[in-house]
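Note sheet for the following structure.
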Amino acid sequence: MVDGTDNAELTFDELYDEYAAPLFRYACALTCSCEDAEDAVQEVFVCVARKWSRFSRVGNAKAYLFRATRNAAFDVLRTRQRMDKLSETALAEFLNEISDEVADLPVEAAALCEALARLPVDQREVLVLKVFNEMTFKEIADTVHASLNTVASRYRYAVDKMRKTLEVREDG
């Protein structure tokens, strides 16, 4: 895995191969649209390609790319004015994207996605970065420009809400 310390030795293709899929899943979770996620990720990689010499000096490629994707995704959201709810189509697409990651969990993947969709975007974002992209709280804090305590709290609240939502679903 690319660790960010040797960006100068990376090729653009290696960077894209390593990060395109996780960035897409992250952008999809933020924008609630696979098409918007593709636009956001494409914008990030176009910018990196144009400024490759500057990017090669970035200390942490992973944090930089996720932060850039976050910014691009929120730009798309502001443009489209859709931030309040995942649509049925986006849920199905997001489910398809994460099906391998959730296949071994004891709950149905659809229920998991539905519970994820109910989270506020700031909590959903932290949960997706932590669980699906295996980022540390420090990396997440750098990505979302928040303190470690804020990130940890958002994660804890998200997990608690997910548990409650899934418990209600199992009981009901």
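The values are calculated or read from the model by the stated rules, or taken from the named source; none is laboratory data. Remember, it's a predicted structure, so these values are computed and weren't measured experimentally. Positions of Cβ are generated from backbone atoms using ideal geometry, with glycine treated the same way; all protein chains shown enter the neighbour counts. Areas reflect the complete protein model, heavy atoms only, side chains present, ligands, DNA and RNA absent. Shrake-Rupley method; radii C 1.70, N 1.55, O 1.52, S 1.80 Å.
Before moving on, here are some points about what is shown:
- Single residue of VAL58, VAL46, VAL76 found to be open to solvent by less than 70 Å² (accessible area, probe 1.4 Å) and free of Cβ contacts under 8 Å to residues at least 24 places away in the same chain: VAL46
- Total residues in region 46-69, condition in a loop (DSSP other than H, G, I, E, B) and closer than 13 Å to PHE12 by Cα: 2
- Where helices (runs of 4 or more DSSP H) fall wholly inside region 107-163, the ranges with 1 or more residues that are free of Cβ contacts under 8 Å to residues at least 12 places away in the same chain are 137-144.
- Within region 27-45, considering residues that are polar (S, T, N, Q) and assigned to a helix (DSSP H, G or I), the one farthest from the chain's Cα centre (by Cα): GLN42
- Odd one out for GLU167, checked against (1) part of a helix (DSSP H, G or I); (2) of a type outside the set (S, T, N, Q); (3) surrounded by 14 or more Cβ atoms within 10 Å (Cβ to Cβ): (3)
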